[in-house]
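Here's the structure, in structure tokens; my notes come after.
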Amino acid sequence: MTVDILICTLNESIASVPSCLMDEKDGVGYVVSFQYTDDKYLMMVPEELLTRKDVLLTSIEGHGLSANRNNAITHSRADICVIADDDCRYTQERLSQMMEAFGRYEEADVLMLQSLGPDGSLLREYPDCSFNLQCPPKGYYPISIDLAFRRERMKDVGFDLRFGLGSERMTGGEEGVWVETAKRMGKTVLYVPQPLAQTTAYPKSGDQIFCEPKKLFSYGALSYFVHGASSILRCLKYAVLQAPKHQAPVVGSFINMLKGILYMMRDGRRIDKNKVVKRDKRQKQWRI
């Protein structure tokens, strides 16, 4: 199997991409999707990205992380794609372990793995056993840099342009929507407790969701996309339990989430009904 690491970057961040690259090795390549909002950023492309044989550089004008992700996927030709950001670092050992996992789980279309922080410890709390995401354990949620997938099997699942940093109304949620879409289309999404990416910085605290109405709006929209009508009660509970801990108003926080829910109710999930596979709701145990 071959693997492409899909690195999405925006504007001046293109300058940091060479530090993401490992020594060249057969079967491992990089697709760098360079999104820019002004032609001046085109002059910042490092020479190394233009000369290395294992790097495919593609550019896309505009903004929106989901559009950038889709562009990277479109240009990949590898068997396995790894979703990356420009602050992710990899080792040949971790990539080999990922490929071995795909070999063990031939039924898997997507693998959710683990990420490490700058100090080498796990980036967040992860479950310690493998499972099928049709029935994830309480508290688990996907993040983009944990994602790896078989390109051919997943080429009909794209990132929803309404979600993700830089989109018109949302600041995130694109990976959750992508995974939920894959599940609804009958794709097999498995979690395997082994590390893949390591970040150079710790992510911003989740507490910031209560500082920005747009983040709360995105949370509500994502919740409805995944859970449907029950998202109203889920978001109300979240506001009641979490907002006071962050000195945020409960009512105001819930209203912003509710706006996201109502937006998604009106706009719909936009998944082709012909591709939706009916779930077996009787299946409760998905550990593997």
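The values are calculated or read from the model by the stated rules, or taken from the named source; none is laboratory data. Every value quoted in this text rests on a predicted model; they were computed, and no experiment measured them. We place every Cβ from the backbone using ideal geometry, glycine too, and count neighbours over all the protein chains shown. For accessibility, only protein heavy atoms count, side chains too; no ligands or nucleic acids. Shrake-Rupley method; radii C 1.70, N 1.55, O 1.52, S 1.80 Å.
A few points about this structure:
- Residue selected from the range 76-93 under the condition open to solvent by 10 Å² or more (accessible area, probe 1.4 Å) and over 17 Å from D26 (Cβ atoms), by the criterion modelled with the highest pLDDT: R89
- V45 vs. criteria in contact with a helix residue (DSSP H, G or I) (Cβ under 9 Å, 6 or more places away or on another chain) and farther than 23 Å from E152 by Cα: yes
- Meets criteria (at pLDDT 90 or above, open to solvent by 40 Å² or more (accessible area, probe 1.4 Å) and among the aromatic types (F, W, Y)) for Y219: yes
- Considering the range 39-65, and only residues there that are open to solvent by 70 Å² or more (accessible area, probe 1.4 Å) and part of a loop (DSSP other than H, G, I, E, B), the residue that is nearest to V17 (Cα to Cα) turns out to be K53.
- Members of the range 263-280 found to be surrounded by 14 or more Cβ atoms within 10 Å (Cβ to Cβ) and assigned to a helix (DSSP H, G or I), listed by number: Y263, M264, M265
- Any hit, the range 83-106, residues being free of Cβ contacts under 8 Å to residues at least 60 places away in the same chain and in a loop (DSSP other than H, G, I, E, B): yes
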